[in-house]
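Only one structure is covered here, and it is reproduced in the block below.
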Amino acid sequence: MDAREFELYLDLEAHPDLVSEFGVEPGWRFAMIRRARFSDLDSLAHLNHTAFLRYFEDARLNYLRLHGLAPPGTDTPAPVLARLEVEYKQPAFHGDRILVTTRLASMRTTSFVLEYAAWTQGCACAGSTLCVLMVAATGEKIPIPPAMRQSVAAFEGKNF
């Protein structure tokens, strides 16, 4: 078993072997490894579509924590999904190692778009989410903190 499967986050710049192994296209840096479990399969014996969504959710939360977002609570800002789009490209099966990647596509005052991909031997599933930063207790939209903007910009190598 590969110890990297237990990492919360892998920087693909430091792991070109993973880029090659999974067939990752250029432009992705943040990654996590998952393994398709039997309980994640559907009646056709391939990874159920909802499993990809859970992988993307894990990646989203770990990506945002990497860039300074505090764990969600009733009084702290948290990302709320406003839109979700997914494209399923090829099946994944029990036991498959899956590399899940995420990156920031755009950022506005209180919202941002994250893109995701799940890789087996090439891209198995791709998606995006529009997230709004808000306080759950009040529903108030919160501007994205400058420190988070700077962290993401430095990590992604672009200005948002």
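Of note:
- Computed over the chain, the ratio Rg/Rh where both radii use C-alpha atoms and Rh is Kirkwood: 0.98
- The H on the amide N of ARG35, modeled in the peptide plane, is under 5 Å from the matching H of ILE98, each at least 5 residues off or on a different chain.
- Each label was represented as a point 7 Å from its Cα along the Cα-to-Cβ direction; for GLN150 and LEU44 these points are 4.8 nm apart.
- Put simply, the amide H of ALA136, placed in the peptide plane, has neighbours under 5 Å in THR76, ALA78, leaving out anything fewer than 5 places away on its chain.
Every number here is computed from the coordinates shown, using simple stated rules; none is lab data. This structure is a prediction, so every number in the text was calculated from the model and none was measured. FYI the Cβ positions are ideal-geometry reconstructions off the backbone, even for glycines, and counts take in every protein chain you see.
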